[in-house]
Amino acid sequence: MKINRRQFNYGLAGGLLALPLRRIPLQSALRVNGKRIMDHILALAEFGKNPQGGVSRIAYSDADKQGREYVLGLMRAAKLDVTIDAAGNLIGRRQGSVASLAPLLIGSHVDSVPEGGNYDGVVGSMGAIEVAQTLAENNVTTRHPLEVVIFQNEEGGLIGSRAMEGELTEKELDLVSRSGKTIRDGIKFIGGDPVKLGGVRRRKGEIAGYLELHIEQGGILDAEKINIGVVEGIVGINWWDVTIEGFANHAGTTPMNNRQDALLAAAKFIQAVNRVVTSVPGRQVGTVGRITAVLPGAPNVIPGKVVLSLELRDLDAAKIKMLFERIQAEAQKIAAESKTKFDFKEINVNIPAPTDPRIRSIISDAARDLGLTTKQMPSGAGHDAQDMARLGPVGMIFIPSVGGISHSPREFSHPEDIANGANVLLHTLVKLDKV
Ligand SMILES: [Zn+2]
């Protein structure tokens, strides 16, 4: 960070007192313009606005394209050099004072789920643009180049950030997104070029860091009245399909002590999952969210086969493994008691993405210097930051979501919390730029 010290060289003879104080870019005094962020959030809310509230700004829809045009205008007004990369991500760049340094990235996304809210992704995107504008207005030049990145299609599978990570496959480009367009056609629609995706890819070490401001989407900060969540990482998510085989038999003639009831075993299994997950300290979660099939599915037949889902999430992959092994052991006991058989098939694994410990402490320091309270916490939801974590050190800043509601038109964060979050983003960036 460059501090203009020229003023001090004039000395008293030069009339130091005559210099307007606000021209001295004292970085600790830098603040974002909270009202301007809110104006931008409200204006963006018009693109894809639902009559019943909230937005449906699904990636690759007309509303998404128009919203992105509006965002491009904001980026230009913040004196950023704007490009759309081949994946369709919006990138606004500002030169640093040391040309050889890798860039620092800040950003989020502006696409939404169907009937979503006005804050998920938007707070971090408008916050990042505001940070760039605040730096420009105060003539502060960072040492690292700064890039504001608005990732495309976060809600449909982190498509933009995965392209940057080099993880987006050719096969995926042909999948049909929620907009009705394939991802390939969607990327073209928003100004990208799917043939040139290779050029978007960045290698490990090519970014000096990535910071993302985001609403918590849970109710912890709101309930505990804490200003800022310092995210420890984005949890790993493991999914299995669990098949329970029993024996389908006559529900009237088969005595109760002579049954192989797969659904009864499933009920015991669901309780066992809850018991195992809550039996050890920590913030891990486990869910049976779906009973896919109960066969043959008649009131007068004992269920012979059940298929259900199992999901486990935690910041620590070893803990997920340990919990899964305990759940399997419980399943074996249930199988023996009920004369059924359990089979587990792994469906999907997202490995945990820890944030950088050094950036976590910078976020905590920045918040403390601003007089804000903090809490360390995991992110139970996925974010573009999890892909950036494979390219360089990342940090995430959470602000309270009122009532913990998200992916809903009722999603809401208070303007003062949004301004606080953007100020923490600004000061974390300034401090990170110096190390
Ligand atoms: Zn989001």
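Among the residues of region 55-92, which ones are of a type outside the set (A, V, I, L, M), in a helix (DSSP H, G or I) and within 16 Å of the ligand (Cβ to nearest atom)?
ASP64, GLY67, ARG68
Scan region 361-399 residue by residue and report those that are within 15 Å of the ligand (Cβ to nearest atom), open to solvent by 10 Å² or more (accessible area, probe 1.4 Å) and not in a helix (DSSP H, G or I). Show your work before the answer.
To start, the set of residues in region 361-399 that are within 15 Å of the ligand (Cβ to nearest atom) comprises 379-388, 394, 396-399.
Next cut, open to solvent by 10 Å² or more (accessible area, probe 1.4 Å) only: 380-382, 386.
Passing the criteria: GLY380, ALA381, GLY382.
Condition test on SER408, is it within 16 Å of the ligand (Cβ to nearest atom) and open to solvent by 20 Å² or more (accessible area, probe 1.4 Å)?
yes
Report every pair of residues separated by at least 6 positions or lying on different chains whose Cβ atoms are under 6 Å apart, first residue within region 182-207 and closer than 18 Å to MET388 by Cβ, second assigned to a helix (DSSP H, G or I) and of a type in the set (Gly, Ala, Ser).
Pairs found: LEU197/ALA163; VAL200/ALA163.
Looking only at region 265-282, decide whether some residue is of a type in the set (Lys, Arg) and in contact with a Leu (Cβ under 9 Å, 6 or more places away or on another chain). Before you say what the answer is, go through the steps one by one.
Taking region 265-282 as the starting set, the residues that turn out to be of a type in the set (Lys, Arg) are 268, 275.
Going one step further and asking which of them are in contact with a Leu (Cβ under 9 Å, 6 or more places away or on another chain), we end up with none.
Within region 265-282, none of the residues are of a type in the set (Lys, Arg) and in contact with a Leu (Cβ under 9 Å, 6 or more places away or on another chain).
Output the number of residues of region 81-96 satisfying the condition of being of a type in the set (A, V, I, L, M, F, W, C) and either free of Cβ contacts under 8 Å to residues at least 60 places away in the same chain or surrounded by fewer than 17 Cβ atoms within 10 Å (Cβ to Cβ) (or both).
Applying the first criterion (of a type in the set (A, V, I, L, M, F, W, C)) to region 81-96 yields 82, 84, 86-87, 90-91.
From what's left, either free of Cβ contacts under 8 Å to residues at least 60 places away in the same chain or surrounded by fewer than 17 Cβ atoms within 10 Å (Cβ to Cβ) (or both): 82, 91.
Final tally of qualifying residues: 2.
Checking the structure you have, find out if any residue of region 316-339 is touching a strand residue (DSSP E or B) at 6+ places or on another chain (Cβ under 7 Å) and within 16 Å of the ligand (Cβ to nearest atom).
no
What number goes with the only condition from (1) among the small types (Gly, Ala, Ser); (2) under 20 Å from GLY73 (Cα atoms); (3) within 13 Å of the ligand (Cβ to nearest atom) that SER161 does not pass?
It is condition (2) that SER161 fails.
Cβ contacts < 6 Å: first residue farther than 17 Å from ASP384 by Cβ and in contact (Cβ under 8 Å) with a residue 40 or more places away in the chain, restricted to region 138-160; second residue within 13 Å of the ligand (Cβ to nearest atom) and not in a loop (DSSP other than H, G, I, E, B), any location; separation 6+ or different chain. Result?
Note: no pairs meet the criteria.
Restricting attention to region 194-244, which residues are of a type in the set (S, T, N, Q) and either farther than 30 Å from ALA267 by Cβ or within 21 Å of the chain's Cα centre (by Cα) (or both)?
GLN217, ASN227, ASN238
I'd like to verify a number: residues in region 93-128 that are within 16 Å of the ligand (Cβ to nearest atom) and either farther than 19 Å from ILE359 by Cβ or among the β-branched types (Val, Ile, Thr) (or both), how many?
Number satisfying all stated conditions: 18.
The values are calculated or read from the model by the stated rules, or taken from the named source; none is laboratory data. Please read all numbers here as calculations on a predicted model, not as lab measurements. Don't worry about glycine lacking a Cβ; one is built from the backbone with ideal geometry, like all the others, and counts go over all protein chains shown. Accessible surface areas use protein heavy atoms only, side chains included; no ligands, DNA or RNA. Shrake-Rupley method; radii C 1.70, N 1.55, O 1.52, S 1.80 Å.
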